[in-house]
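Asker: One structure, pasted below without further comment.
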Amino acid sequence: HGLVGEAGVPPALAVATLVWPLRQGKPADLAQAWRLSRAEAGSFEAILRISQRLHEAALDLAARVDEAEAPAAALQWPEPPLVRALRDPHADAALRLLLADNEATGVRGVVSVFLHGWRQLRAELPRARWWPRPAVTGQDLLAWGYAPGPGFRGALAAAEDAQLSGASAEQAASA
C-alpha cells in the first residue's frame, strides 16, 4: 500500500494499512504481536474501527446515489452518526487508509468520491461546525427538573443530533 514507508505516517496507520485488506485477526492481538505501544495500539484499533464505519457509510451512500450526483452529495453535510465518525481524531487516518486501499486494489467510483469528499469537508469546515456548543447540557436537564438517569444520554444525543442536522440552539433544546 502507498502509506507504508511514506514519511510522517504514524506507525498505527502504517500497520492498519497492512491489516485492513485482510480484515482478519483481532486488533488487540495484532497490536501485541507487532509490539505496538499502548498509545499506538489504541490508535491502531481506533483507525480500524472508524475505517469500518466510514467504509460501510460510503458503501451505503454509493448504493443510493447516482454516480453523476456523487461529487455534490459527497460535499453535503452528513447525517449525525456520520458526523460523529468524521469528527473522531482518527478519521483522517481512517480516510487515508481507505483511499490507499482503494488505490491499491484499483477500486474507483462513487465510494472513492465520498471518501475524498469527506476528507475535503474535514479540512475545510471550521471546528465549531463539527463540535457545536451544546444547546442542552446535563445541567440544563437538571434545571428543568429531570432526574439524573439513563434517559440523560438519549436526551443529550437527541439535542446534539438536531444541532448537527442544522437546527438552531432553540430547536435543538426542544428536541
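The values are calculated or read from the model by the stated rules, or taken from the named source; none is laboratory data. Only a predicted model underlies this, so the values are computations on that prediction, with no experimental measurement involved. Backbone-built Cβ (ideal geometry, glycine too); neighbour counts: all protein chains shown. Side chains included, ligands, DNA and RNA excluded: accessible areas come from the protein's heavy atoms. Shrake-Rupley method; radii C 1.70, N 1.55, O 1.52, S 1.80 Å.
Asker: For the pair Glu124 and Ala68, what calculated FRET efficiency results from E = 1/(1 + (r/R0)^6), where r is the Cβ-Cβ distance and R0 = 35 Å, to the nearest 0.05?
Answerer: About 0.95, to the nearest 0.05.
Asker: Which value, in Å², gives the accessible area per residue of segment 38-175 when a 1.4 Å probe is used on the protein heavy atoms?
Answerer: 56 Å²
Asker: On alpha-carbon atoms, Rg over Rh for segment 21-136 using Kirkwood Rh?
Answerer: 1.01
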